[in-house]
Amino acid sequence: MAMTVRMTAEQDAMLTKLAAEWGVSKNEAIVRAVEAASREDSTDAAFMDAYEHVSGKYRDALDRLGSV
């Protein structure tokens, strides 16, 4: 899919630098950055789900540990 990405001159400079560091085109740098951000969001959501499960299941023990 083709698309146009609008950005400021400062953002373009950041993208140019990132693409150069990675040794890829600006397009590939954008694709990699989007994929990395998506994985990070998924990891954060999985962590929060696990935290909510554990904190609910072991609330009494966690409260006791916190009062030591």
Measure nothing fancy, just the Cα-based angle from helix 9-22's long axis to the longest principal axis of the chain, in degrees from 0 to 90, nearest 10. 80
Run the quick spin-label model on residue 62 and residue 6: label points 7 Å from Cα toward the beta carbon, then report their separation in nm to one decimal. 4.4
Quick one: accessible area per residue over the stretch 1-60, 1.4 Å probe, rounded to a whole number of Å²? 86
Rg and Dmax in Å for the chain, alpha carbons only: what are they? 20.5, 59
With every protein chain left in place, what is the accessible area of residue 17 in Å² (1.4 Å probe, nearest 10)? 130
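The values are calculated or read from the model by the stated rules, or taken from the named source; none is laboratory data. Note that the coordinates shown come from a computational prediction; the quantities given were computed from them, not determined experimentally. Methodologically, a virtual Cβ is constructed for each residue, glycine included, from the backbone with ideal geometry; neighbour enumeration extends over all protein chains shown. Calculation scope for accessible area: heavy atoms of the full protein, side chains included, ligands and nucleic acids excluded. Shrake-Rupley method; radii C 1.70, N 1.55, O 1.52, S 1.80 Å.
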